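Written below as structure tokens is the structure these notes are about.
The values are calculated or read from the model by the stated rules, or taken from the named source; none is laboratory data. If you're wondering where the values come from, they're calculated on a predicted model, not measured in any experiment. Methodologically, a virtual Cβ is constructed for each residue, glycine included, from the backbone with ideal geometry; neighbour enumeration extends over all protein chains shown. Only protein heavy atoms, including side chains, enter the accessible area calculation; ligands, DNA and RNA are left aside. Shrake-Rupley method; radii C 1.70, N 1.55, O 1.52, S 1.80 Å.
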Amino acid sequence: ICDIINETEEGPKDAIRAVKKRLNGNRNYREVMLALTVLETCVKNCGHRFHVLVANRDFIDGVLVKIISPKSNPPTIVQDKVLALIQAWADAFRSSPDLTGVVHIYEELKRKGIEFPMADLDALSPIHTPQRLCPLQGVPEVDPATHMHNPQPQPQPRVGTAPPFTGTLPPTYTAPQIPSLQVSAGPITANSEQIARLRSELDIVRGNTKVMSEMLTEMVPGQEDPSDHELLQELNRTCRAMQQRIVELISRVSNEEVTEELLHVNDDLNNIFLRYERYERYRSGRAAQGANNGVSGAHGSCNTAHVD
């Protein structure tokens with residue numbers, strides 16, 4: 001979805017229309033939460049053209065604030081999600097003159113006595129995503145999450161094959177673990193024991209996501225040890241299989257707290273998949289560039305021999 005928005009002229013407008021359709025007057029709050037998660041992901045990964053449509057007064061006041069109005073009376077989880085988004089965007093866009101509609105709405109709501117959920121804004125995923133660069137130009141796409149958590153410059157590895165990944169892996173997660181996350185047909189009304197087991201399995205998913213994140217931070221595309229790259233691919237396959245089960249659970253679990261946890265884990269997985277895809281695109285770009293350089297060198301040798 002984010003790629004379509006970024007790469008097509010009408011992508012931002014079409015996406016906003018689709019999101020409005022899912023949110024306006026919708027009493028299926030599980031669907032509303034999913035739509036808000038998509039919206040949040042798009043704001044994090046799409047550019048200024050999309051931000052202008054989201055951060056304006058018409059969308060914030062006419063769509064998001066309307067969801068949490070007393071007349072709608074949505075569940076607390078939905079109210080908190082909407083307020084958290086407004087708060088995060090107001091903080092992120094405060095210094096952008098054409099994106100301050102959300103800032104004004106945020107300040108108006110605070111003056112009216114609306115209590116916003118506590119949020120550590122420094123811990124949130126970044127909103128401003130760098131413009132995507134063509135990997136064939138030999139310039140890597142910058143992952144803002146990497147720079148956010150690693151502000152100190154990292155020493156550059158020597159050209160050639162990088163040493164094996166040396167990040168600190170929790171001993172239980174040296175290889176991807178696969179939770180059962182079994183999904184039965186129909187709505188799921190879990191008892192306390194089942195919820196505890198599900199949360200334990202979600203911890204495994206988070207552990208796999210953390211290892212994948214550490215590897216993507218440490219490894220250099222095209223210079224990684226083959227065994228490290230193989231492990232990274234295995235983690236990606238495992239996490240994608242997990243996500244399929246999590247998405248099924250989201251639509252069937254009736255416990256609001258568990259649904260919220262599932263949505264957060266799903267969001268973390270989407271973010272790590274974006275980082276993985278960027279990594280693989282850049283890795284493929286470097287491989288193609290290296291092959292092209294090799295072909296050019298071979299042609300140069302042939303031409304020299306012919307002149308002699």
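Condition first: of a type in the set (K, R) and buried (at least 17 other Cβ atoms within 10 Å of the Cβ). Now tell me which residues in the stretch 61-104 satisfy that.
K81
Determine the pairs where a residue that is open to solvent by 40 Å² or more (accessible area, probe 1.4 Å), located within the stretch 19-37, has a partner that is assigned to a helix (DSSP H, G or I) with Cβ atoms under 6 Å apart, the partner being 6 or more residues away or on another chain.
Once the first residue is open to solvent by 40 Å² or more (accessible area, probe 1.4 Å) and sits in the stretch 19-37, its partners that are assigned to a helix (DSSP H, G or I) give K20/V63; R22/A35; Y29/V78.
Which of the residues that make up the stretch 231-257 are farther than 19 Å from D203 by Cβ, assigned to a helix (DSSP H, G or I) and not charged (D, E, K, R)?
L231, L232, Q233, N236
Would you check which residues across the stretch 9-18 are open to solvent by 60 Å² or more (accessible area, probe 1.4 Å) and not basic (K, R) and list them?
E9, E10, D14
Filter the helices (runs of 4 or more DSSP H) completely within the stretch 6-58 down to those with at least 3 residues that are more than 23 Å from Y106 (Cα to Cα) and not β-branched (V, I, T).
Of the helices (runs of 4 or more DSSP H) lying wholly inside the stretch 6-58, those with at least 3 residues that are more than 23 Å from Y106 (Cα to Cα) and not β-branched (V, I, T) span 11-23.
Is it the case that some residue within the stretch 272-285 is in contact with a helix residue (DSSP H, G or I) (Cβ under 8 Å, 6 or more places away or on another chain), open to solvent by less than 20 Å² (accessible area, probe 1.4 Å), under 30 Å from R30 (Cα atoms) and at pLDDT 85 or above?
Within the stretch 272-285, one or more residues are in contact with a helix residue (DSSP H, G or I) (Cβ under 8 Å, 6 or more places away or on another chain), open to solvent by less than 20 Å² (accessible area, probe 1.4 Å), under 30 Å from R30 (Cα atoms) and at pLDDT 85 or above.
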